[in-house]
Amino acid sequence: MVIHHRITQIEDYEKYVGGEAIDRILKKAQNLRHLHVANVNSTYYGGGVAELLTSLSLLMNSVGVKTGWRVIQGAPDFFSITKKMHNALQGGEINLSDRKMGIYEEVIYENAIRNHLENHNMV
């Protein structure tokens, strides 16, 4: 039988990394506690980023860094552009026309307004 234990607090990691590691993280987090952070991606479920952000958002909040998670919206054209950017970050070629850059910038601006990202210190 497999028993799943959801790790939602930084202290839940202590049995894996030890108390000293947890203490170092908590000490470093003190310098960030005044920040309001927004994590942004294209889905709340499925894929590695969504899985990472689920844990990361919970853990950042557990160490006192106010953290939220927003999902962007856009048409297929927009997401084909972001896919090209994703591939470029991993070494792929990218050459975006002025029209495609315009689409990207317009949708990013609309999402920033819709998700109230102006109220965050870091996105």
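A short reminder: the numbers here are calculations on the coordinates, not readings from a lab. These figures come from a predicted structure and were not determined experimentally. Backbone-built Cβ (ideal geometry, glycine too); neighbour counts: all protein chains shown.
Quick notes on this one:
- Taking a straight line from the alpha carbon of Lys83, these aspartates and glutamates sit under 20 Å away, with near neighbours fewer than eight places off in the same chain left out: Glu51, Glu93, Asp98, Glu105, Glu106, Glu110.
- Tilt relative to the chain, helix 98-114 - C-alpha long axis, 0 to 90 degrees, to 10: 40
- Annotation: amide H-H contacts under 5 Å for Val123 (H modelled 1.01 Å from N, sequence separation of 5 or more, or interchain): Ala38.
- Stretch gain in nm, segment Met85-Met122, where the contour uses 0.36 nm per residue and the Cα spacing is subtracted: 11.3 nm
- Per-residue ellipticity at 222 nm, computed for the chain from helices alone with -39500 (n - 2.57) per DSSP H run of at least four residues, works out to -15500 deg cm²/dmol.
- Efficiency of FRET between Ala50 and Asn95 - r from beta-carbon atoms, R0 41 angstrom, step 0.05: 0.90
- Couplings for region 32-49, taken from phi via the Karplus curve 6.51 cos²θ - 1.76 cosθ + 1.60 with θ = phi - 60°, read 10, 5, 7, 8, 10, 10, 10, 8, 10, 8, 9, 7, 7, 8, x, x, x, 5 Hz in order; Gly and Pro are left as x.
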